[in-house]
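Derivation of every value follows stated rules applied to the coordinates shown; laboratory data play no part. Note that the structure is predicted; figures quoted are calculated from it, not measured. Virtual Cβ from ideal backbone geometry, glycine too; neighbours counted across all protein chains shown.
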Amino acid sequence: MTTQLIEHDIARSDAARSDAARPGAAQDDSAAFDGVAGGGDQDESGRNARTLYQHGTLALLVPGLFDGTLSMGELLTHGDTGIGTGEGLDGEIVILHGTPYQVRHDGSVVVASDSFMLPFANAHWARFSPLCVFEDRSKAELSDFLLKTTGLDNTFFAVTVTGRFANMRTRACAKQSRPYPSLEHTAQQQRVFDAESTEGTLLAYYSPQVFNGVAVGGFHMHYLADDHTIGGHALDFHVDKARVAVQRFDTLQEHLPVANPRYLEHDFSSDDIAGAIASAES
Ligand SMILES: [Zn+2]
């Protein structure tokens, strides 16, 4: 069924490029769309593919609680796929096929060690279900398409968009030191990178709006080029042609940094969490 959907969309793309990957292209099959390949609850190694693991919250980054409170080695016991940031907002993390890449503030890409510490991260065991081939569409059009096609507005899901992007704009934060500034202040010092005609993987996590603050309500997207020439938190892009796959979750496993006194003692009542996320994460 999903393979046919891909072939169907490729045919549409070739026949009428401007009509390719419209929401209607996949809607006929949406009733059968289960969001996990084969409809299974486990990945190929029998690990839980329905749970999204998260360490920390977006809200704790807003006032500058940037202490690393989970090691990469520990994070990788909860998934082979994920995103995050390092201690002090040290760059942007993209975990693909079990390898944790760090896109640093200078634009370089390195593999993070097991001892690399993170204040915030998502991870899950990959079992993506192919959705379609997506062609000549903007970031906003991709977001609209995903929600209309999958009907998953009210649950968590992950998306990979793998292929060619006509342009890509990413950012990477610079590692801050204690006493940490706020998220907004740090985001103002981010480095922005632009590339044209880049091939790679965009990894996105969608969270329902009611979870804004726990996570980024809506889509949180990180990108890594195949040749590692550009990566980071995806600010904007235009898809040239790429395969889209989705994995639906029914459970959020939220892990909090209870061994961190600064987290336990912080009073969140005066933080403008929604406002800070909106300005720093988009
Ligand atoms: Zn990010």
What residues have an amide H closer than 5 Å to that of Asp80, excluding those fewer than 5 places away on the same chain, when H is modeled at 1.01 Å from N in the peptide plane? His124, Trp125, Ala126
How charged is the neighbourhood of Val214? Take every other residue with its Cβ under 15 Å from the Cβ of Val214, and add Lys/Arg as +1 and Asp/Glu as -1. -3
Largest-first ellipsoid semi-axes for region 185-253, taking √(5λ) over the Cα gyration tensor eigenvalues, angstrom: 24, 18, 9
Most to least packed among 236-248, 142-154 [average Cβ atoms within 10 Å]: 236-248, 142-154
Which ³J(HN,Hα) values in Hz, rounded to whole numbers, follow from the phi angles of region 131-147 under the Karplus curve 6.51 cos²θ - 1.76 cosθ + 1.60, where θ = phi - 60° and Gly and Pro get x? 10, 5, 9, 10, 9, 6, 9, 7, 4, 5, 5, 4, 4, 4, 4, 4, 5
Considering amide H positions built from the backbone, and no H for Pro or chain starts, which residues 5 or more places from Ile230, or on another chain, come under 5 Å of its amide H? Ala225
Need the list of lysines near Lys175 for cross-linking: C-alpha distance under 29 angstrom, and skip anything on the same chain fewer than eight residues off. Lys139
Residue by residue through region 224-230, the couplings from Karplus 6.51 cos²θ - 1.76 cosθ + 1.60 with θ = phi - 60°, in Hz, x for Gly and Pro, are 9, 6, 4, 8, 6, 7, 8
Cβ-based net charge around Phe66, under 10 Å, with every Lys or Arg adding one and every Asp or Glu removing one: 0
For the peptides 89-95, 184-190, 260-266, what is the packing order when you average, over each peptide's residues, the other Cβ atoms within 10 Å and list the highest mean first? 89-95, 184-190, 260-266
Compare the peptides 79-85, 170-176, 191-197 by average per-residue count of other Cβ atoms within 10 angstrom and give them in order, highest first. 79-85, 170-176, 191-197
Based on alpha-carbon centroids, what's the gap between region 135-161 and region 218-270 in Å, whole number please? 15 Å
Mind pulling the angle between the C-alpha long axis of helix 2-15 and the longest principal axis of the chain? Nearest 10 degrees, somewhere in 0 to 90. 70 degrees
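What whole-number value in cubic angstrom gives the convex hull volume per residue for the C-alpha atoms of region 2-281?
Details: hull volume 32.8 nm³, N = 280.
Measuring per residue, one finds 117 Å³ for the Cα hull of region 2-281.
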